[in-house]
Amino acid sequence: MNILGLCGTPRKGGNSEIFLDYALKPFQKEGWSVRRILLSEVNVKGCTGCETCFKGANCPVEDDMRRIYDALEWCDAMIVSSPVYTRNVTSQLMAVFDRTPASRWQKVLRGKVGGAIAVGRGRGQAISVLTIYNWMLSDGIICVPVN
């Protein structure tokens, strides 16, 4: 089995990355293949609204999103983590979510399992988890709590 850890923090080594690594450990111990994508290490631009993806073609925006598309196809399950800066997920993670409408129509994620982690010291964690699960549910992912 394959699990993807997607970390939405722009800060390398931040708490969201630490919590994600902790959540992935049981899967590693069970022999799952684990792949991590840290948005602190990749460049993902925002969606331009060109709708090319709706026509079955690859996104024309040139950045590191192809790596994320490949990982979404590869995985059987995923955990998405994000810090909470302004009562929601980071803009970097939202850019990823905005760039995945084609996967919805192609049913790339349908039936896969996903969990969410939101890290913050104030308010907004519930909104952030809801944002992650809303994206997952929109793509047909089965949402489960991460303990």
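The values are calculated or read from the model by the stated rules, or taken from the named source; none is laboratory data. Since we're looking at a predicted model, the values are computed, not measured. Heads up, the Cβs are rebuilt from the backbone with ideal geometry, glycines too, and the neighbour counts pull from every protein chain shown.
So residue 146 fits all but one of (1) assigned to a loop (DSSP other than H, G, I, E, B); (2) modelled with pLDDT of 90 or more; (3) of a type in the set (Val, Ile, Thr); what number is the exception?
Only one criterion is unmet by residue 146, namely (2).
For residue 84, indicate whether it is surrounded by 16 or more Cβ atoms within 10 Å (Cβ to Cβ) and either of a type in the set (D, E, K, R) or more than 13 Å from the chain's Cα centre (by Cα) (or both).
yes
So, in the range 11-56, how many residues would count as being closer than 18 Å to residue 68 by Cβ, modelled with pLDDT of 95 or more and of a type in the set (Ser, Thr, Tyr)?
Selection size over the range 11-56: 3.
Can you find a residue in the range 99-114 that is β-branched (Val, Ile, Thr), farther than 19 Å from residue 11 by Cβ and modelled with pLDDT of 95 or more?
yes
For the range 41-56, check the following and say yes or no: at least one residue is in contact with a helix residue (DSSP H, G or I) (Cβ under 9 Å, 6 or more places away or on another chain), in contact (Cβ under 8 Å) with a residue 12 or more places away in the chain, closer than 23 Å to residue 86 by Cβ and surrounded by 16 or more Cβ atoms within 10 Å (Cβ to Cβ).
Yes: one or more hits.
Table: residues versus (1) more than 13 Å from the chain's Cα centre (by Cα); (2) over 16 Å from residue 5 (Cα atoms); (3) surrounded by fewer than 21 Cβ atoms within 10 Å (Cβ to Cβ).
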site	(1), (2), (3)
97	no, no, yes
108	yes, yes, yes
118	no, no, no
134	no, yes, yes
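Six or more apart or on different chains, Cβ atoms under 7 Å: show the pairs whose first residue is in the range 121-147 and at positive phi and whose second is among the charged types (D, E, K, R).
124/87; 140/107; 140/110
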